[in-house]
Amino acid sequence: MQICRQWNKKVIKASAVGLILSMLLTACEKEEQGSYTIQNEETEKFSFFDKGKKLEKRRKEILESRMLLMPTAIMQPYQLTEEEAWNIIERKAREYGLEFEHNSMTIDNIVLELDNYNNPEKDLMPKEDLKQLKESHSLTLDGYDETKKVGIEYIALPTDLTKKELNLEELIYIYQLSGLLNDALKKNHEDKRIKIIIGTTYNKKNVEEILEKQLDEFFTQLKEEKIIE
């Protein structure tokens, strides 16, 4: 019976993923038929406003599609603000003997290895976003301890999805690329231990607990590696 339940869950999840991709692909086809692609300035068919609304629509489709995969429906989903997240990060860091300075460290020349990104969403994202992901980026960390060379960056839900060019944090959130960003930081900044955390959406108590758990796991790992005491 247990095996059957597990199998049914896998079938349901696979079906949901298939449905999401089908919905996004259908939307993509409609936009292609509607001359969504802008070839050059002379043949541009949409005003900046219309273009922004189409970008917002596509990005929201990708973001909201993940809600179908959540185990339970949330009547009033909540996500921590940057300030709320920072307060938790600073408090937890102190518990582990770290002295984080807020927005004190900026890391330049971050390049994501998109060849390692095999998510189907890569084929569905607007060309503007894919182009931006291929650029070199800078990232200012929420908290950084210069002595221990340990840092945290919390990435919250983007507030404006109509912009033509999103920044690195916004792209990482929409397309769930924290793994690629963590890999890029490890590869090019081996002297630093930096953790990228993407904000979750749930009720307020749960999102606080989830962030605290992620921080505990990261700091505990640093203790095991003798990076912090």
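Give the residues of segment 188-213 that are part of a helix (DSSP H, G or I) and either surrounded by 18 or more Cβ atoms within 10 Å (Cβ to Cβ) or touching a residue at least 40 places away in the same chain (Cβ under 8 Å) (or both), sorted by residue number.
Scanning segment 188-213 gives Asn188, Lys204, Val207, Glu208, Leu211, Glu212.
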- Residue satisfying all of: in segment 135-163; in a loop (DSSP other than H, G, I, E, B) and more than 16 Å from the chain's Cα centre (by Cα); surrounded by the most Cβ atoms within 10 Å (Cβ to Cβ) among these: Lys148
- Item | Qualifying positions in segment 166-187 - in a loop (DSSP other than H, G, I, E, B) and either among the small types (Gly, Ala, Ser) or over 8 Å from the mean Cα position of the chain (by Cα) (or both) | Leu166, Asn167
- Task: Working carefully through the options Glu209, Glu224, find the one that is within 19 Å of Pro77 (Cβ to Cβ) and charged (D, E, K, R).
- Result: Glu209
- Count, please, the residues in segment 135-162 that happen to be in contact with a helix residue (DSSP H, G or I) (Cβ under 7 Å, 6 or more places away or on another chain) and either at pLDDT below 90 or of a type in the set (Gly, Ala, Ser) (or both). 6
- Note on the structure: When Tyr175 is run through (1) of a type outside the set (A, V, I, L, M, F, W, C); (2) at pLDDT 90 or above; (3) crowded, with 18+ Cβ neighbours inside 10 Å, the failure sits at (2)
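The values are calculated or read from the model by the stated rules, or taken from the named source; none is laboratory data. These figures come from a predicted structure and were not determined experimentally. Every residue, glycine as well, gets a Cβ built from its backbone with ideal geometry; the counts of neighbours run over all protein chains shown.
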